[in-house]
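Everything on this sheet refers to the single structure shown next.
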Amino acid sequence: MEMLGGAFRRVLEGEIYFRMGIRFVQLNILYQLLAVRVVNSPILDIAEAFLMMPDLFNSWLAGVKASEFSEATTSQFYNPIMGDWDRKLEKMGIPSHFLQEIVPSRTVLGGFPLR
């Protein structure tokens, strides 16, 4: 299934653009998560944390699960007006319980200050 079309059948294209403000790219996290939902994988329901690759490395190295701001904004699941994840897009069937706190770029994680 083509995920952009699948997303627009669930939520109007204009609403997604209004809420997120970035162009539609099939690789955005929103559509990848929707693809997981469409194939009925249970992973979204049992996942404890959603971390993009840089955030995963931060978690491994600093022991802190958080979403770095610039990474979050590329997901098309971040609402710049709200300054947070847009949980209203749960009507696509994508849960938000696993989304981590969004922290500013250059936030020191785990108590190890950069020198």
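The values are calculated or read from the model by the stated rules, or taken from the named source; none is laboratory data. A quick note: this is a predicted structure, and the numbers were derived from the prediction, not measured. So basically every Cβ, Gly included, is an ideal-geometry build from the backbone, and we count neighbours across all protein chains shown.
Quick notes
- Verdict on Ser75 being surrounded by 17 or more Cβ atoms within 10 Å (Cβ to Cβ) and assigned to a loop (DSSP other than H, G, I, E, B): yes
- Hey, Ser105 farther than 28 Å from Val39 by Cβ, in contact (Cβ under 8 Å) with a residue 12 or more places away in the chain and part of a loop (DSSP other than H, G, I, E, B) or not: yes
- Residue check for Ser96: within 9 Å of the chain's Cα centre (by Cα) and without any contact (Cβ under 8 Å) to a residue 12 or more places away in the chain: yes
- Qualifying positions in the stretch 78-93 - touching a residue at least 24 places away in the same chain (Cβ under 8 Å), assigned to a loop (DSSP other than H, G, I, E, B) and of a type in the set (A, V, I, L, M): Ile81
- Selection count, the stretch 60-102, where residues are at pLDDT 90 or above, more than 18 Å from Ile29 (Cα to Cα) and β-branched (Val, Ile, Thr): 1
- Scanning the stretch 23-42 for residues that are part of a loop (DSSP other than H, G, I, E, B), modelled with pLDDT under 85 and under 19 Å from Lys91 (Cβ atoms) returns Phe24, Asn28, Val39.
- Restricting attention to the stretch 43-70, the residues that are hydroxyl-bearing (Ser, Thr, Tyr), under 17 Å from Trp85 (Cα atoms) and part of a helix (DSSP H, G or I) total 1.
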